[in-house]
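The values are calculated or read from the model by the stated rules, or taken from the named source; none is laboratory data. Please read all numbers here as calculations on a predicted model, not as lab measurements. Virtual Cβ from ideal backbone geometry, glycine too; neighbours counted across all protein chains shown. Just so you know, the surface numbers come from the protein's heavy atoms only, side chains and all, with ligands and any DNA or RNA stripped out. Shrake-Rupley method; radii C 1.70, N 1.55, O 1.52, S 1.80 Å.
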Amino acid sequence: MTPTQQAGQLIMAAMQPGPATSLDQVIGVQGLGSMLYLGGWQDRSTVAAASQHLQEVAPTVDGTKVGMLVAADQEGGEVQQLTGTGFTPMPSGLEQAQDADLRASAQAWGSELKQAGVNVNLAPVADTVPADIGRANEPIGKWDRQYGSTPVAAGKGSLAFARGMQDAGVEPTVKHFPGIGRITGNTDLQATGITDSTATTKDPYLAPFAETIEGGTKIVMIGSARYSKIDGETPALFSQKIVTGMLREDMDFDGVVITDDVGAAKAVAATPVPERATKFVAAGGDIVLTADPSQVPTMVSAIETKAKGDTAFGKQVTASVTRVLTLKEDMGLLRCG
């Protein structure tokens, strides 16, 4: 791979409903390696056609077709980006927690994704929202996205959902490490009220993430909240203590780490776009998710330029690309062209 193609493997860009060709430019020129359906796509046939096109225009490197990670945000309840014919309405996390066979239900939902060409789901939520905060927790509790108010309940639900997705051949993504259940602000919409002043590196609320990882989940999403007792005012996704120390070292996670959205999120608005990409990779992360595909060239260039001038960062880029390609190989996305 060229340095540009390597950097492109470390970006996921959203695609809004419309022409399936809207990301062709950044795939062809920047080597974009992953995408996310966003904005409320309708009907399986439409999504399947777009997914097929994306795989067709994915790059071929040295005779090997390097397929795309094609993702959806398909949790259930208020967060279900794919609807209409071919997509069953999904209950919220709290409702799913009452399902005696959630794994089977998740497998059915995952099969719908698989048939639409979606191979990654940015779910389940493993955040624990304590009962005394409940709906005052804007990002999760307000929408009943959590599986419960205790780490035991959150772990049980997230593990069952993740395993069901895997049964269907879709890779789950456990989120939002190290947990956003105790903040009040929504990191997508606010830069205040997003500090968890309770969490430590031994937080019991980490257990659902550990259980889901031990269950075989290969992708973890890092949130952009702040954890004052762990790393001061540093957003989690830019924190080496959190990404490398807590997730990679303490939990022994060697899979792919992805950001929550850094394209439009208010939590990172003060950080220049190029640094949103390089700071995350420097912290030990792999794929930068942006809701704004116009940012892809800037992010790819920033990663490529920094890797060229900084040997240590260059090694991190190589490690990240290797993790992404290993995941793609495991998923059958590396094929002789």
Problem - Probe 1.4 Å, accessible area per residue of the chain, Å² - result: 38
Exercise for the section: Determine, from the Cβ-Cβ distance of Asp62 and Ala131 and an R0 of 45 Å, the FRET efficiency 1/(1 + (r/R0)^6), rounded to the nearest 0.05. Expected result: 0.25
Exercise for the section: Work out the length of the dipole vector of the chain about its Cα centre, built from +1 on the beta-carbon of each Lys and Arg and -1 on the beta-carbon of each Asp and Glu, and round it to the nearest 20 debye. Expected result: 420
Exercise for the section: Starting with the highest mean, order 191-200, 305-314, 289-298, 64-73 by the number of other Cβ atoms within 10 Å, averaged over the residues of each peptide. Expected result: 64-73, 289-298, 191-200, 305-314
Fill in the blank from the handout: the chain: relative contact order from alpha carbon pairs under 8 Å, six or more residues apart, as a whole percent, is 18
Problem - Gained length - Lys229 relative to Ala270, 0.36 nm times residue gap less alpha-carbon distance - result: 12.6 nm
Practice task
Summarise the accessible area of segment 230-337 (1.4 Å probe, protein heavy atoms) by the percent that is carbon and sulfur.
Solution key: 51
Completion exercise
So Thr201 and Asp310, fully extended at 0.36 nm per residue minus their Cα-Cα distance, gain in nm 36.3 nm
Handout entry: segment 63-112 - percent of accessible surface contributed by carbon and sulfur, probe 1.4 Å
Key = 47
Problem - Tail fraction, Cα-Cα pairs, the chain, threshold 25 Å, whole percent - result: 47
Problem - Whole-number percent relative contact order across segment 1-90, with pairs defined as alpha carbons under 8 Å at least 6 apart - result: 29
Exercise for the section: Report the relative contact order of segment 1-151, percent, no decimals, based on alpha-carbon pairs under 8 angstrom and at least 6 residues apart. Expected result: 21
Handout entry: the chain - mean residue ellipticity at 222 nm from DSSP helices (-39,500 (n - 2.57) per run, n ≥ 4, rounded to 500)
Key = -10500 deg cm²/dmol
Completion exercise
In nm, the gap between the two label points placed 7 Å beyond Cα toward Cβ at Glu249 and Gln52 is 4.9
Problem - 28 Å tail of the calculated P(r), segment 1-136, as % of Cα pairs - result: 27
Practice task
Would you calculate the separation in nanometres between label points at Thr318 and Thr83, each defined as 7 Å from the Cα along the Cα-to-beta-carbon direction?
Solution key: 4.8
Exercise for the section: Please give the length that would be gained between Ala191 and Gln16 if that part of the chain were fully extended, namely 0.36 nm times their separation in residues minus their C-alpha to C-alpha distance (nm, one decimal). Expected result: 60.5 nm
